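The values are calculated or read from the model by the stated rules, or taken from the named source; none is laboratory data. All of these numbers come straight from a predicted model, not from anything done at the bench. For neighbour counting, all protein chains shown are included, and Cβ atoms are generated from backbone atoms with ideal geometry for every residue, glycine included. The protein model used for the area step is the full one, side chains on, heavy atoms only, and it has no ligands, DNA or RNA in it. Shrake-Rupley method; radii C 1.70, N 1.55, O 1.52, S 1.80 Å.
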Amino acid sequence: MAHAIFVAEATKRSLAVEVYSAGVFDFSGELPLIETSMTCRQFNTPPPKETPTWVGQLPLDSIDRFLVMEQDHADLLTSEFGVSTDRISLLGTFDPQRRGAEIADPFGHSSLVYERSYKLIRDCIIGYLDTTDDLK
C-alpha cells in the first residue's frame, strides 16, 4: 500500500521521482494480497503492481532514501544489504499525529485494520513529502 500511496501523492504534487517497493523477505513471484488492492481501490488509489519484489532485486546503491515500516526492516537493510543508516528512515516518524515510529503490517487482519493502516501510511507519506528536503 505504501508504494501505491507514495506514487499517488507524488503524482498529485507533480514530483518526478522513481519509487521502488520491496520486502526484506523474498516473496517475489507470489500473488499480491487482495486486501491491499481492495483497500487501495476503496480510497481511489491505483493498487500496487501485480507481484511482490524482494529488496535484493533493487539497485540499492542508486536509492537515496529508504522508508521502512519497522526497525527490524531497517536493521536488515543495514546488516544484510549494506545500506547505511543515514539513508533509512522509519516512515512512522513522519506522522503528523505522532502515533509511533513503527507501522505494523496489517497482514492477516480484518479490512478495518487495512483501512486504518492505509490512513496511517497516507498521513506519514504526506508528512514526509511536506517536510523532506530529499526531493529538492
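When the accessible area of the chain is split by element with a 1.4 Å probe, what percent falls to carbon and sulfur?
Carbon plus sulfur share of accessible area: 52 percent.
Do you know the relative contact order of the chain, to the nearest whole percent, from alpha carbon pairs under 8 angstrom that are 6+ apart?
With pairs under 8 Å counted, the relative contact order is 25 percent.
Size of the dipole of the chain about the Cα centre, Lys and Arg at +1 and Asp and Glu at -1 on the beta carbon, nothing else charged, in debye to 20?
Magnitude of the dipole: close to 620 debye.
Considering only Glu80, Glu115, Glu102, give the residue with the highest GNM mean-square fluctuation for the chain, with springs between Cα atoms whenever their separation is below 10 Å.
Answer for the Gaussian network model of the chain: Glu80.
How large is the accessible surface per residue of the chain, computed with a 1.4 Å probe and reported in Å² as a whole number?
With the other protein chains kept in place, the chain gives 61 Å² per residue.
Please build a GNM for the chain, connecting alpha carbons under 10 Å apart, and tell me which residue among Thr39, Thr78, Thr53 fluctuates the most.
Looking only at Thr39, Thr78, Thr53, the biggest GNM fluctuation is shown by Thr78.
Please compute the Kirkwood hydrodynamic radius over the range 64-123, one decimal place, Å, based on all pairs of different Cα atoms.
12.3
Within a Cβ distance under 12 Å of Glu18, other residues only, what is the Lys/Arg minus Asp/Glu net charge?
Net charge in that neighbourhood comes out at 0.
Longest segment of the chain with no chymotrypsin sites (Phe, Trp or Tyr not before Pro) in a DSSP loop having at most 16 other Cβ atoms within 10 Å?
44-106
Using amide H atoms built in the peptide plane, which far-off residues or other-chain residues are under 5 Å from Val68 H to H?
So Val68 has HN proximity to Ser89, Leu90, Leu91.
Can you give the helix-only mean residue ellipticity at 222 nm for the chain, where every DSSP H stretch with n ≥ 4 adds -39500 (n - 2.57) and the sum goes over all residues, rounded to the nearest 500 deg cm²/dmol?
That comes out to -12000 deg cm²/dmol.
Quick one: ranking Asp64, Asp95, Asp123, Asp72 by accessible area, 1.4 Å probe, largest first, what do you get?
Heavy-atom accessible area, descending, gives Asp64, Asp72, Asp123, Asp95.
Given the whole protein assembly as supplied and a 1.4 Å probe, what does the accessible area of Val113 come to in Å², nearest 10?
Val113 has an accessible surface of roughly 50 Å² with all protein chains in place.
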